[in-house]
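Structure first, then comments.
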Amino acid sequence: MTVIEGETGTQRLIGYVLDVSDRDGAACILDLDDRHLNRQGILHGGLSATLLDSAMGATGSLTIDATGRHPFTTLSLTVNYLAPGLPGRVTATGRVTGGGRATLFIEGALRHEDGTLIATATGVFRKTRAAP
């Protein structure tokens, strides 16, 4: 497993890791605890969107960079919430569905470790210039 850990402030703040070992799509993994839950005791929807966005962006990166680190910018992201995210491990994954050299259409799915589909997403991502 090839994992990106603590690379960004967002990763360090939330505590997720990115598994970029599968060239067909990245996985964003988070062990939920009370810091990630809303007043109802379930995964906060904004964090669900963040996990999906991160997995989908890294999936775009894998199309041109085997390390999964080439930056992509999210142009649009639509999230559909399907079930509550209960404490435990959740994993967001991405899958490219279309696009060209610079702009990609990517689908995402967020699942609990018990197999429950928590949320799905669709998005448009654009390759950006690598940092100098």
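Of note:
- Leading residue at positive end of dipole, the chain (Cβ point charges), from LEU32, PHE105, GLY85: PHE105
- C-alpha long axis of helix 45-62 to longest principal axis of the chain, angle in °: 30 degrees
- Remark: the chain carries 54 Å² of accessible area per residue (probe radius 1.4 Å; ligands, DNA and RNA excluded).
- Carbon plus sulfur fraction of accessible area for segment 35-132, probe 1.4 Å, in percent: 52 percent
- In order through segment 116-123: 3J(HN,Hα) via Karplus (6.51 cos²θ - 1.76 cosθ + 1.60), integer Hz, x for Gly, Pro: 4, 7, 8, 7, 10, 8, 10, x
- Among [x] 199; [y] 120; [z] 101, the entry that matches volume of the Cα convex hull per residue in Å³ as calculated here: [z]
- Protein-only accessible surface at a 1.4 angstrom probe places the residues VAL90, VAL17 in the order VAL17, VAL90, largest first.
- Rounded to the nearest 500, the helix-only mean residue ellipticity at 222 nm of the chain stands at -5500 deg cm²/dmol, with each DSSP H run of n ≥ 4 adding -39,500 (n - 2.57).
The values are calculated or read from the model by the stated rules, or taken from the named source; none is laboratory data. All values derive from a computational prediction rather than experimental measurement. Cβ sites come from the backbone with ideal geometry, for glycine too, and all protein chains shown count toward neighbours. These accessible areas exclude ligands, DNA and RNA; they are computed on the full protein's heavy atoms, side chains included. Shrake-Rupley method; radii C 1.70, N 1.55, O 1.52, S 1.80 Å.
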